[in-house]
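Single-structure report; data block below.
Here, each number is a calculation from the coordinates, and none is a lab measurement. Computed from a predicted structure; not experimentally measured. In this analysis, Cβ positions are derived from the backbone assuming ideal geometry, glycine residues included, and neighbour counts consider all displayed protein chains.
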2 protein chains.
Amino acid sequence: MSYLDQITSPTLLLDENICRANIKKMAEKAARNNMKLVPHFKTAQSHEIGNWAKDYGITEVTASSIKMAEYLSGQGWENIHIAFPFNPLEIPKLNKIAANQSISVQLINAKTAKMLVDQLEHPIGFFIEIDAGYGRTGVEVSDFGLIEEILLIAKKSDKLNFKGFYLHPGHTYYMPDIPAIYEQSRNALSMLKNKYSTEYPKLVTRIGDTPGCAVMEDFGDIDEMGPGNFVFYDLMQAALGGCDKEDIAVCLAVPVVDIKKDRKEILIHGGGVHLAKDVLVDENGVKNFGEVVYLNEHGWTIPESRSFLKSISQEHGIIKASDELMANIKVGDILGILPVHSCMTADAMGEYMTLDGKKVDHAEGIAH
Amino acid sequence: MSYLDQITSPTLLLDENICRANIKKMAEKAARNNMKLVPHFKTAQSHEIGNWAKDYGITEVTASSIKMAEYLSGQGWENIHIAFPFNPLEIPKLNKIAANQSISVQLINAKTAKMLVDQLEHPIGFFIEIDAGYGRTGVEVSDFGLIEEILLIAKKSDKLNFKGFYLHPGHTYYMPDIPAIYEQSRNALSMLKNKYSTEYPKLVTRIGDTPGCAVMEDFGDIDEMGPGNFVFYDLMQAALGGCDKEDIAVCLAVPVVDIKKDRKEILIHGGGVHLAKDVLVDENGVKNFGEVVYLNEHGWTIPESRSFLKSISQEHGIIKASDELMANIKVGDILGILPVHSCMTADAMGEYMTLDGKKVDHAEGIAH
């Protein structure tokens, strides 16, 4: 029986071979550059995919919330890092995890550092997050006052151990010149390493975005890379040049519920609650919420003539279809949709199905 | 102990009083217009909120997927309608529900009608969905050929019973002239009722959008209204004039993790996986992913000087803060965020917390 026979409603398909190839390729790139790959598991959020990653030498992972860290803990990871400015309200939960799991957090202000010093019950590590121009979060790279204030506070406790500097250059998602952003990021991390490595000889530097880790070859003296999206990739990454569409490891299987021949449109059950609402907009203002692939019993193929989701609402999606697709489609068929943003799609779906019909876990599919 | 003491991570708060007032007001409006209110529960997706609705005479509800209908079945509803072009792959699931629950579906093509005639095991009802200009889904109002083809097919089975015409004028969400859209919708439904009521004397007409149901007073001879969003409302509805911000019944409680004084920005734990990514864009292109309210032990207050979410990513949100907010905020505080699109936020969160600290169920919070 094909996996396709099990599908009657929107289902997130996962091609294990593509996913493993993506992990392997990034692990090899990290090795080539003498870097450690610590994947950000906000994308996969899965024990099973974590086990696949271990086959390629991955020993540590990153989470973006305490909830996700709870889910990933106890799975044999040497360390779990929460790459999000630590929320001091969650110190009790952190203490619980840290009793049995090596864990690290991210700090960007003195207040949270102080609260950790006062309330930590078990040793944890911490990175200082650096903002070298992205402007979302982090200590500004030149703000040595704040960096040293945090380090000084941490010294008061034997439970809060400095690990190094973390930089997420998220502007690689919307600024075209990734090499320039990376030059700035490399220089920032290198300067900080030089400045603080005498006092902290073991400190490491880590860089975190998928577009950069996928495109760049020169990482200078950065020690670790922490991309997340690369395990699946998606249309946004393909648009940024970080992958080919053939590298995308997930697609949403969707039932066809109506066909409008005159408008060349196909109505599917598949909308914002499945794909999330991330969108690509082309130079003419045309929106693209996902692209059609043809499913077969071994996986999917990418058609030469493109069909795409022109609009979505909560449960509805409308495909602008190619002539080829229009000629072959019927109500009751199932199509595949490559997502614009696979992290958000996986989080919305909370579960995967592999091409042999097995379910793969995702943190969001677990009951509250 | 205040509900606030329980919150350490993003939590969707639900003000029962506001929610009940919204339901009561719409029920009274329906009664004033001799209409039946059949709320669309794609917004609430909750047994508990269903029980509140029953206090105001609500006896039927609408779902937007078979999965949601499964969740709502067995809760004492006289009928559950699935207001989505029926997906013929789900006939086995429909048969299961229909064994114990009165249920109706929506049809817009002959093929699905035929498949139902062949495979139905229990009687169900159906509406024909009409497109009177929205262009998302439905039979075009003048396409009597298709309407009659569907009716003719249904006659071959004693299990597929015509209930009437359903119209969702979703263009009230992005076209300013709601009265004009409603005139067109009233006329379309009235014409169809006149044309088919001799043969189907019990047929009813239903109209489905919240902006129209909230704003309009003249529904002509339409029999039923099926808005969904009105149980909670949100910033989008407020922008459309369907509610005041004081009518919004849900807000996302979010922890403050950092403050950038120079930029007047506050970093919160609260992003796309919590709020979804719906956005309001003002005339200057400024994006608004949600607006700040101040939480207290009885609920929340809307500040006079506005602070809003200027950007969100998967878990991060950045608030552009008013001077008043900047003067009072500190790391570790909890703020409230009124959502742009409450249906999507509720679906992303999968659970509510009332102002007395009780959990309220949502279909998405149930394990797969």
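The table for this structure:
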| read-out | value |
| --- | --- |
| Kirkwood Rh (inverse of mean 1/r, distinct Cα pairs), region B:33-231, angstrom | 16.9 |
| Tensor-based shape of region A:1-134 (alpha-carbon gyration tensor, a/c under 1.5 rounded, otherwise prolate or oblate) | prolate |
| Summed side-chain charge close to B:T112 - residues other than B:T112 whose Cβ falls under 13 Å, Lys, Arg +1, Asp, Glu -1 | -3 |
| Charge-dipole axis of the protein assembly as shown as Lys and Arg at +1 and Asp and Glu at -1 on Cβ define it, positive-most pick from B:Q237, B:N51, B:C19 | B:N51 |
| Chain B, Cα convex hull volume normalised per residue, Å³ | 139 |
| Total lysine pairs under 23 Å (Cα atoms) in region B:1-105, excluding pairs fewer than 8 apart on one chain | 16 |
| Nm distances between copies for B:N161, ranked from closest, using label points 7 Å along Cα→Cβ | 7.1 |
| Kirkwood Rh in Å, taken over region A:230-327 so that all alpha-carbon pairs contribute | 14.0 |
| Cβ charges +1 (Lys, Arg) and -1 (Asp, Glu), total dipole of region A:33-231, debye | 520 |
| Residues whose placed amide H lies under 5 Å from that of B:V293, excluding near-sequence neighbours | B:G336, B:I337, B:L338 |
| Residue-averaged 222 nm ellipticity for the protein assembly as shown, from DSSP H runs of 4+ at -39500 (n - 2.57), nearest 500 | -8500 deg cm²/dmol |
| Other-copy label distances relative to B:N296, 7 angstrom Cα-Cβ extension, nm | 6.6 |
| For chain B, built as a Gaussian network whose Cα springs stay under 10 Å, the top-fluctuating residue of B:S307, B:S104, B:S197 | B:S197 |
| Local electrostatic count, B:E90, Cβ distance below 15 Å [Lys/Arg +1, Asp/Glu -1] | -3 |
| Inverse of mean 1/r across different Cα pairs in region B:312-361, Kirkwood, Å | 13.4 |
| Check: region B:60-156 dipole with +1 on Lys, Arg Cβ and -1 on Asp, Glu Cβ, in debye | 280 |
| Other-copy label distances relative to A:E149, 7 angstrom Cα-Cβ extension, nm | 7.1 |
| Selected from B:V281, B:V231, B:V204 as most flexible by GNM, with chain B as the system and alpha-carbon contacts under 10 Å | B:V281 |
| Euclidean distance of C-alpha centroids, region B:310-338 and region B:233-247, integer Å | 21 |
| Kirkwood Rh and Cα Rg combined as Rg/Rh, the protein assembly as shown | 0.98 |
| Residue-count net charge about A:A63 - beta-carbon cut-off 9 Å; Lys, Arg +1, Asp, Glu -1 | +1 |
| Between region B:180-215 and region B:106-138, the Cα center-to-center distance that results, in Å | 17 |
| Shape of region B:205-285, Cα gyration tensor, a/c cut at 1.5 | prolate |
| Rg to Rh, two decimals, where region B:2-58 supplies the alpha carbon set and Rh follows Kirkwood | 1.09 |
| Label-point gap, in nm, between B:S197 and A:E304 - each point 7 angstrom along Cα→Cβ | 5.7 |
| Sparsely packed GluC sites (Glu not before Pro) within region A:248-315, loop by DSSP, other Cβ within 10 Å at most 11 | A:E283, A:E297, A:E304 |
| At most 16 other Cβ within 10 Å, DSSP loop - chymotrypsin sites (Phe, Trp or Tyr not before Pro), region A:138-228 | A:Y174 |
| For a label point 7 Å along the Cα-to-beta-carbon line of A:S2, residues of region A:332-368 with backbone N under 14 Å | A:333-336, A:355-357 |
| Antiparallel bridges, percent of DSSP beta bridges restricted to region A:153-308 (to nearest 5) | 60 |
| Cα-based reach from A:K260 at 19 Å (exclusive), listing lysines while leaving out same-chain residues under 8 positions away | A:K310, A:K320, A:K330, B:K111, B:K114 |
| Within chain B, percent of DSSP bridges classed antiparallel, to nearest 5 | 50 |
| Average Cα contact separation per residue, chain A, under 8 Å, 6 or more apart, as relative contact order % | 20 |
| Residue among A:P255, A:P179, A:P339 with the largest mean-square fluctuation in a Gaussian network model of chain A, springs linking Cα atoms under 10 Å | A:P179 |
| Low-density loop cleavage sites - GluC sites (Glu not before Pro) in region A:54-140, where at most 13 other Cβ are within 10 Å (DSSP) | A:E78, A:E121 |
| Pairs of alpha carbons in region A:122-232 whose separation is greater than 26 Å (percent) | 18 |
